[in-house]
Structures are given as C-alpha cells and as structure tokens.
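Below is one structure, written out as structure tokens; the observations come after it.
The values are calculated or read from the model by the stated rules, or taken from the named source; none is laboratory data. Owing to the predicted nature of the structure, the values given are computational and were not obtained by experimental measurement. Because the Cβ atoms are built from the backbone with ideal geometry, glycine has one as well, and the counts that use them run over all protein chains shown.
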Amino acid sequence: MYKYTLTAGVRSDVGNVRSNNEDNFYICGKYRTDVNDNNSKAQCRVTDRRALFSVCDGMGGVEFGEIASLIAVSNMRNAKKADFYKISGEDVQSINKQVGDIGLEKCSGRMGSTLSNLYIDNGSAIACNLGDSRTYLFRDNTLMKLSEDHDEATRLVKMGIITPEQALTDNRRHQLTQFLGMLEDEVIPEPYYSDEIFIKERDRFLICSDGVSDMILDNELADFLKESLSAQDMADKLVDEALSRGSKDNCTALIVDVKKKPILLYEF
C-alpha cells in the first residue's frame, strides 16, 4: 500500500542570454526530446512507488550541451528500492561513458552534463548528484540541501582555503570536479548520495540547475517554497524570478509535492 501521491511540475527555459537550452529534465518518464524547444514544461501525478525525477545541465556549447543532457535523461532507469544504489551507479558509469565517447567523436571531449536525481519509493527518498545542479527538501518551513556541489570553489571551502561566503562569488564555482562525460582514464565519476529520508505529507522537493540557484539564495528559496502554489506554478515562479534577476544561464526548476491521498495511475 503506497501512502502518498507525488504531484510534480517542471519548467525549463533558455533564459535571457543564450540561444540554446542545454538543460533537460526527467519527470514520470517524460523529458525534453526536442532540443530546439527552448521553453518546456511537464506535469504528472504518481504514487510514491519507484518515482524518479531529475535535472541535468549540459555543457559544451551550441548543440553539444543539449546532446549530453539528452543522453543522460533518456538513459535513466527506475529500480526497486533494494537495487537503487546498484542500478543508479551502473547508470552513472554507462551514461558517463556514452557522453565521453560522443564528446571525443564530436568535439574533442568538450561535452558533459550535471546530474541531480531524486528517487522516491514507498515512503522514502534519496538524492544523488554529480556537478552543481541541486536538490532541496523544504519541510516544516526549513530548507535542507540534499545534494553536494562538485566544483572547485566548494573543494577549496572544504580545504579551508576560502570561506563559504567567498565561494558564492568565486569564479571557480563553475569549474566542475564531477560530471557526466569525464574521460574514464582521467577521472572516475563518484556520485554523491544523500541519507535516506522518510517523506511526510506537505514535503516539497526542488531540483534545479545553477541558472536558478545562482540567482536565488537558499534563504530566499525557503521564502518562495512556503507559498501555497501548485507544483507547476511554483516551478514557473522560480524560473521567472531567476530570469527577472538577470540570470545569464538556462533556468530549470522541478518541484515535487508530497500529498496524502494515493492514486493508482500516472496522470499526465
């Protein structure tokens, strides 16, 4: 018996500056198949049984970033809870190799994608990520970051060389240390996994690309997420807010709301 309904909405926008949208998403088996569609939305409702949600931010310039993120979302697999770590680890290695091989073929290896996944199954949730696309949980008016940024500035903070405040504006915050598409003879992808979380009614999850998180600080995100908007309306609001603040990147926000009433089928 599955106790919860997950209501999800996503918006992915090309943004103010770029001519192409390198972001992509995965929501209830749907993703952005047309890489020329620069302003995409999707919604769904599912039970809390093997539900997978993701945001991927491609890198590599015109066309190549879109290819990398599309490879990532189109190769995602759901799994039984007991097999999640094994399957997700295998998928990361497989997708990393595909992106790396195509990158070498098309653009001398200058192609990649972040990955930020949220997996929910039968009352529990796990976040998994590579790169700097983020996953948050908003619960009881408190925002918790479930992902870990893989970038040079964060590495320097951990080493005590710069402060977290300095990292917010450090140019190295976009130099990724982990991503899909790394050449296997140089770096092995090592995704970060959050602790397992038992979900509650009224939990709200946010997965977003750095086009959103760079423009809206965590304390501000909490103020937005407490508003009683639908999942889709909240995703729209966060993207619109990031764009209004002058984001120069693609902007993607995916919201997952946890509700008590169960349903039996996908409803798109």
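Okay, here's what the table says:
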read-out	value
Matching residues in segment 42-57 - criterion: being at pLDDT below 95 and under 15 Å from S209 (Cα atoms)	none
Residue match in segment 80-90 (condition: closer than 19 Å to T177 by Cα and either buried (at least 19 other Cβ atoms within 10 Å of the Cβ) or modelled with pLDDT of 90 or more (or both))	yes
Cβ-Cβ under 9 Å pairs, at least 6 apart or on other chains, segment 122-145 side closer than 14 Å to K200 by Cβ and free of Cβ contacts under 8 Å to residues at least 60 places away in the same chain, far side part of a strand (DSSP E or B) and of a type outside the set (S, T, Y)	M144/L137; M144/F138; M144/I197
First in segment 150-164 and in contact (Cβ under 8 Å) with a residue 40 or more places away in the chain, second anywhere and small (G, A, S) and not in a helix (DSSP H, G or I), Cβ under 8 Å, 6 or more apart	H150/G131
Cβ pairs under 8 Å, 6+ apart, first in segment 172-198 and basic (K, R), second assigned to a loop (DSSP other than H, G, I, E, B) and crowded, with 19+ Cβ neighbours inside 10 Å	R173/D132; R173/D149
Which numbered condition K145 fails, given (1) under 18 Å from F53 (Cα atoms); (2) buried (at least 19 other Cβ atoms within 10 Å of the Cβ)	(2)
Members of segment 124-150 found to be under 15 Å from D214 (Cβ atoms), out of contact with any helix residue (DSSP H, G or I) (no Cβ under 6 Å at 6 or more places or on another chain) and among the acidic types (D, E), listed by number	D149
Any chance R11 is over 30 Å from V258 (Cβ atoms) and not polar (S, T, N, Q)	no
Residue ID - surrounded by the most Cβ atoms within 10 Å (Cβ to Cβ), chosen from residues in segment 187-221 that are in a strand (DSSP E or B) and among the aliphatic types (A, V, I, L, M)	I207
Qualifying residue in segment 93-106 (condition: out of contact with any Lys or Arg (no Cβ under 8 Å at 6 or more places or on another chain) and free of Cβ contacts under 8 Å to residues at least 12 places away in the same chain)	yes
Residues that are outside any helix (DSSP H, G or I), touching a Leu at 6+ places or on another chain (Cβ under 8 Å) and closer than 18 Å to L118 by Cβ, drawn from segment 57-76	M76
Unmet criterion (only one of (1) touching a residue at least 40 places away in the same chain (Cβ under 8 Å); (2) over 27 Å from M182 (Cα atoms); (3) assigned to a strand (DSSP E or B); (4) not basic (K, R)) for N16	(3)
